[in-house]
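Written out below as structure tokens is the structure these notes cover.
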Amino acid sequence: MRGPIGQAVPVCVLLLVTLGACRERQPAYSPLLPEVQALMARAEQAFAQQQFSRAIALADSAETLQPEHPDILFFKGRVYTHMRLLDEADSLYRLVARRVPDYPGVWHNLANNAARRGQFREAIALFQRELEYHPGAFSWRGIGRAYAELGRPDSARFALETALRYDSTYAEAWLDLAELYEKEGRYEEALQAARRAWELAPRSLVARYRLGNLLLLTGQPAQARPLLESVVQEAPWHQAAHYSLGRVLQQLGETEAARRMLERAEALRTLQAKVEQAELLVANTPRDPYAYATLGSLLRRLGQYREALYAYQVAHFLAPDNLEFQNNMAVLHLLLGEEDRAIALLEAAVRRDTTFVDGWINLGILYARQGRREAARRAWEQALRLAPDRPEPRRYLEGLTTAAPDTLR
């Protein structure tokens, strides 16, 4: 599955697995009012930026003007789905399905949520319900993945091949087929499917890794190397790519480089195991903000800053008064090169609580980075008044005429 929001995807999908409403027919309900359309456009924009509280608030405002409109309910379901609050999402999708049974994507999204819970047979039935109304590649792919999880490779293969008959350019379905063949030890067929996926989506990390690993498995380490090196360079947290590249280097006789790569893979494996435990905790306690914060902290250590930001944004949605979550979001925005968004978050935090010392310290650091030295001075002086025993604001004030600090707390 694809990662965070904002990636380029087909117009009818959100994150590949969650369908949005893209209607080619005349809907059997009233269209959105112009003022509601404007609110929903702003809600979509907030959602794209993972501003979950704002997205839901705007949708709620829209719903006061057109109560329980299917488009608004479905949008809110998508937001809750993305935050892994599946019960809340499902209740909204079910409302839509009762009002408009053929609403595009509603059964598909219910199916995906069932699959996320490990309810694969229910997921298959729901995907099939979507196909009754809207035959197409996406739900067939979902059926294929569910059958694969149930250990029924023949049914999975049939579903994936059906998806590709609907859309032969569906790279993700080719990747699923490659994975299925690989698990069966049919490496040449897996290689062909993976190569097709890579040709369709050459920038996809998954496609590059899958093809590189299959080239390794089929005795072509020299061809595998550039693909795996590109993954490691772009995704330094990708444990499997490090391991495969280490094996490639071994086969090419580069013993020392292979040793370093495999050591890095082992270190990543240990941290990745902790991430998987945190993800399980999130799945089991989806309304616990601290479960998301733990996941965010681990993802940050892995260098997956965008994914870590998502985790903290959900934590902040669940606990909007927790300013430490907001501070961590600001740090991650800075790590992603989004300095203005980091400043906006910290300014909002200290407006909400003028005694938030870490907020003032970090705000001073960001002001200093931008050359706003007087604003930095005022921020650090405020921090020093609030916490005279803290060494950081005093040190920063003393060094204000030199280089600005470059790390947030």
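Does region 284-306 contain at least one residue that is on the phi > 0 side of the Ramachandran plot and surrounded by fewer than 19 Cβ atoms within 10 Å (Cβ to Cβ)?
Checked against the condition, which is being on the phi > 0 side of the Ramachandran plot and surrounded by fewer than 19 Cβ atoms within 10 Å (Cβ to Cβ), region 284-306 yields at least one hit.
So in region 153-191, with the set limited to residues that are among the small types (Gly, Ala, Ser) and exposed (fewer than 15 other Cβ atoms within 10 Å of the Cβ), which one is nearest to LEU216 (Cα to Cα)?
Of everything passing the filter in region 153-191, GLY185 is nearest to LEU216 (Cα to Cα).
Scan region 242-254 and tell me whether some residue there is in contact with a Phe, Trp or Tyr (Cβ under 8 Å, 6 or more places away or on another chain), outside the structural domain of ASP321 (by TED's automatic domain parsing) and not acidic (Asp, Glu).
Yes, region 242-254 has at least one match.
Using beta carbons and a limit of 6 Å, which pairs, at least six apart or on different chains, have the first residue in region 266-286 and touching a residue at least 60 places away in the same chain (Cβ under 8 Å) and in the same structural domain as GLY303 (by TED's automatic domain parsing) and the second one aliphatic (A, V, I, L, M) and part of a helix (DSSP H, G or I)?
VAL282/ALA291; VAL282/LEU295
Which condition number in (1) more than 26 Å from PRO101 (Cβ to Cβ); (2) more than 22 Å from the chain's Cα centre (by Cα) is the one that PHE52 fails?
(2)
So which residues in region 99-131 are outside any helix (DSSP H, G or I) and farther than 12 Å from LEU86 by Cα?
Matches in region 99-131: VAL100, PRO101, ASP102, TYR103, PRO104, GLY105, GLY118, GLN119.
So is VAL96 among the β-branched types (Val, Ile, Thr), closer than 26 Å to LEU126 by Cα and buried (at least 18 other Cβ atoms within 10 Å of the Cβ) or not?
When the stated conditions are applied, VAL96 passes them.
Only one of these is in contact with a helix residue (DSSP H, G or I) (Cβ under 6 Å, 6 or more places away or on another chain), modelled with pLDDT of 95 or more and farther than 26 Å from LEU177 by Cα: ASP60, ASP90. Name it.
Step by step, each of ASP60, ASP90 is checked, and only ASP90 is in contact with a helix residue (DSSP H, G or I) (Cβ under 6 Å, 6 or more places away or on another chain), modelled with pLDDT of 95 or more and farther than 26 Å from LEU177 by Cα.
For GLU130, state whether it is acidic (Asp, Glu) and surrounded by 15 or more Cβ atoms within 10 Å (Cβ to Cβ).
yes
Give ASP60, ASP71 a once-over and let me know the one that is outside the structural domain of PHE325 (by TED's automatic domain parsing), farther than 30 Å from HIS333 by Cα and in a helix (DSSP H, G or I).
It is ASP71.
Would you point out the residue of region 192-232, among those that are of a type in the set (Ser, Thr, Tyr) and closer than 26 Å to GLU161 by Cβ, that is surrounded by the most Cβ atoms within 10 Å (Cβ to Cβ)?
In this case the residue turns out to be TYR209.
The values are calculated or read from the model by the stated rules, or taken from the named source; none is laboratory data. As the structure is a prediction and not an experimental result, all values here were calculated from the model. Note that each Cβ is placed from the backbone with ideal geometry, even for glycine, and that neighbours are counted across all protein chains shown.
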